[in-house]
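First up is the structure itself, then whatever we jot down about it.
The values are calculated or read from the model by the stated rules, or taken from the named source; none is laboratory data. The model shown is predicted, which means the values in this text are computed figures rather than measured ones. Methodologically, a virtual Cβ is constructed for each residue, glycine included, from the backbone with ideal geometry; neighbour enumeration extends over all protein chains shown.
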Amino acid sequence: MPNLPDNAVQAAAEVLFRDYESQYSADHLTWRDFAGLAREALGAAAPAMAEHAAQAILAHRDAHGPADGASRRRWRRYLGVASQVVSFAFSTEEDKKRLAAQAIADGNYVACPEITGG
């Protein structure tokens with residue numbers, strides 16, 4: 001399950017609760033009764049939302065920034081790192097390990113020959 005902030009789960013659960021309450025008698029319920037469903041829905045949407053945010057950062061990086069060489073390279077590097085950070089914002093440690101293993105299997109990594117012995 002993605003690492004979701006409690007306030008996001010509560011906000012989504014409150015929406016679900018209000019929707020339920022508008023159709024049925026919900027005097028015996030609170031938003032907490034909908035937290036599990038909210039967490040599941042947000043968890044399903046989290047990877048797509050993180051990827052959307054990462055792509056927005058990259059689009060901003062490519063559309064703006066300094067024109068000169070060194071400053072532009074720094075700008076691109078920093079925003080590239082920011083996009084990677086946001087793409088992992090909701091990932092669990094298991095997700096990160098799985099993605100790292102896949103990157104290694106695909107040969108999509110850079111390794112220091114001194115450390116790897118290569």
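Of all residues in the range 44-63, those that are closer than 14 Å to Gln84 by Cα have Cβ atoms under 7 Å from Cβ atoms of residues that are surrounded by 13 or more Cβ atoms within 10 Å (Cβ to Cβ) and of a type in the set (Ser, Thr, Tyr), 6 or more apart or on another chain, in Ala50/Ser87; Glu51/Ser87; Ala54/Ser83; Ala54/Ser87; Ile57/Ser83; Leu58/Ser83.
The residues of the range 38-56 that are more than 18 Å from Leu99 (Cβ to Cβ) and in contact with a Leu (Cβ under 9 Å, 6 or more places away or on another chain), listed by number, are Ala38, Arg39, Ala41, Leu42. Against the list (1) more than 15 Å from the chain's Cα centre (by Cα); (2) of a type in the set (Gly, Ala, Ser); (3) surrounded by fewer than 14 Cβ atoms within 10 Å (Cβ to Cβ), the condition Ala12 fails is (3).
Residue-by-condition table, conditions (1) loosely packed, with under 15 Cβ neighbours inside 10 Å; (2) farther than 30 Å from Leu16 by Cβ:
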| position | (1), (2) |
| --- | --- |
| Glu51 | yes, no |
| Ala54 | no, no |
| Arg61 | no, yes |
| Ala67 | yes, yes |
| Arg73 | yes, yes |
| Glu93 | yes, no |
| Arg98 | yes, no |
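Please tell me if Ser87 is under 25 Å from Ala100 (Cα atoms) and modelled with pLDDT under 90. Here the answer is yes, as Ser87 does meet what is asked.
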